[in-house]
1. Take each of the peptides 48-59, 301-312, 236-247, average the number of other beta-carbon atoms within 10 Å over its residues, and list them starting from the highest.
2. Rank V60, V158 by accessible area, highest first, at a 1.4 Å probe radius?
3. For the chain, what is the relative contact order in percent, using Cα pairs closer than 8 Å and at least 6 residues apart in sequence?
4. To two decimal places, what compactness ratio does the stretch 19-153 give when its Cα radius of gyration is scaled by 2.2 N^0.38 Å?
5. Hey, can you find the accessible area per residue of the chain for me, probe 1.4 Å, expressed in square angstrom?
6. Once a ≥ b ≥ c are taken as the square roots of the eigenvalues of the Cα gyration tensor of the stretch 209-249, is the result rounded (a/c under 1.5), prolate (a/b larger than b/c) or oblate (a/b not larger than b/c)?
7. How large is the Rg to Rh ratio of the stretch 334-388 when both quantities use alpha carbon positions and Rh follows Kirkwood?
8. Please tell me the relative contact order of the stretch 406-496 in percent, rounded to the nearest whole number, where contacts are Cα pairs under 8 Å and at least six residues apart.
Amino acid sequence: MKTLWFDQSGDSAPDALPDVRPETMPLDVIDTFDQVVVGGGITGLTTALLLARAGQSVAVLEARYIGAAATGHTTGKLSLLQGTRLSSISSRQKKSAVRDYVEANREGQAWLRHYLEHRGLQVDERAALTFASTASGAKNVEKEFEACRAHDIPVSHVDTPELPFDVRTAIRLEGQAQIDPMVVLRALADDLRAHGGHLYEGVRVKGLKHGSPNVLSTDAGDVRADSVIVATGQPIFDRGAYFARMHFSRSYAAAFTVDEPIPREMYLGADTPSVSLRTATHPSHDGELLLVGGWGHEVGRTGSERLRVMDMLKWTEKHFPTARMVARWSAQDYTTIDQLPYIGPILPGMESVQVATGFAKWGLTNGVAAALAMTGRILGSEPPWSKSLRPFRTSEVTSLGSLKSALSANGQVAAYMTAGYAALLKPTDKKPAEGDGVVGRDGISPRGVCTVHGTTQSVAPLCTHLGGVLRWNDAEQTWDCPLHASRFDPQGNVLEGPATRPLPTPEPPTDR
């Protein structure tokens, strides 16, 4: 099923976005711009609009369509109370860096709210609550309370009478908001065009030659730019080894019609699994919908994604017995080893190429903050809080927790690499059932075989990034890399980077 924001029966469908029809980039022609933004999510489009407003010639290159990755699959919460995020950052960072993170999110939130209100677009003001139902979760909520209070975020302890289950403790922050993320992206794209900017969808960037100007190689020809902004979830260029300095997760969400009362505020649990709740409206459904999310895991590193989804649906049915699902989706998120986002030059001294990543599920505030920081850097007005968020900071090597996180992440990469190649020793001698996939060998050749919508097809199941052996995602019918979280559809087309090349597709296996 598709995300609610892309529901084909509503006006957020990709084929019903008249303001953002893709432009055609000429083949065999080198186009030159002041600024090229890679990625059509909240970070990329906000950055592009700010630069276009400043009189720069700007192009956005989006490999699929706007909102295809994290922004189009978010739950749409715009909040400074971010579950237990602030206490997690505080455990790895100095107080000054935590303060800068809070200020960045304040400015990102304020800019986006002002923009939407100026455009006359819907913003639903809600309180945000972090809650816990277990003793361990309650300890984490108290840590978050203390971290918020230390940084002037006015949370308070509250009861939660509208929740249909027991809660040990909860904290609340008034005056936050929930939005439809695709409404935001459509508006940004429309304004970008109005200011002379360009949006090219279906143009995948594959390489970068750094220089004056920078040259981007794409599947539609080369593109030159004085400055490049990489806003692609995680950077698609291996400079800086960002793939080795982050953790990668997928989580799930679904929208339901519900007959019983729906909790009105925005909730996020501190337990495991984490549970997210909010309301939503949609043109194709009467009344309010209930959005339930969570049940996250590391990409490609769970026994069955389908079981995670089933657990979410069972939890919803238990607490909201009349719930009827109308949409289901998932999202991919990135968390840095020292918890703060990476925003700034891709390498020290490489000022003309900037990256923004590691938002840890809070891209609506962090993504806009990243846009403000990167455009400020280009235009000579970099906000003071952005210095703590630059990549290659000292906290990555001075924090014991960060070092342990990095060692753990890369140790697991080695383990999954070994296990993956061991899996290739088994022959793929059976046709998978509908919705399933397997990896193994066909003779001496690696082969991944899946059956989707009655069609059995095969790929060479080696990630085109660094050769990791892919695993089948049985909830989303995709090939996922457990090393650095690249993802591919059943035909081998890239869905998530850092991979930029599709999987080879050998001849289909013979039915046995």
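1. Working: 48-59: 21.7, 301-312: 16.8, 236-247: 19.7.
Top to bottom by mean Cβ count within 10 Å: 48-59, 236-247, 301-312.
2. From most accessible down to least: V158, V60.
3. Details: 1182 pairs, mean separation 88.8, N = 512.
Relative contact order comes out at 17 percent.
4. Normalised Cα radius of gyration, the stretch 19-153: 1.36.
5. 39 Å²
6. Prolate shape, in that a/c is at least 1.5 and a/b is the bigger ratio.
7. Details: Rg = 10.8 Å, Rh = 11.4 Å.
My calculation puts Rg/Rh at 0.95.
8. 21 percent
The values are calculated or read from the model by the stated rules, or taken from the named source; none is laboratory data. Everything quoted here is computed from the prediction, not taken from an experiment. All Cβ positions, even for glycine, are placed from backbone atoms using ideal geometry, and neighbour counts span all protein chains on display. The protein model used for the area step is the full one, side chains on, heavy atoms only, and it has no ligands, DNA or RNA in it. Shrake-Rupley method; radii C 1.70, N 1.55, O 1.52, S 1.80 Å.
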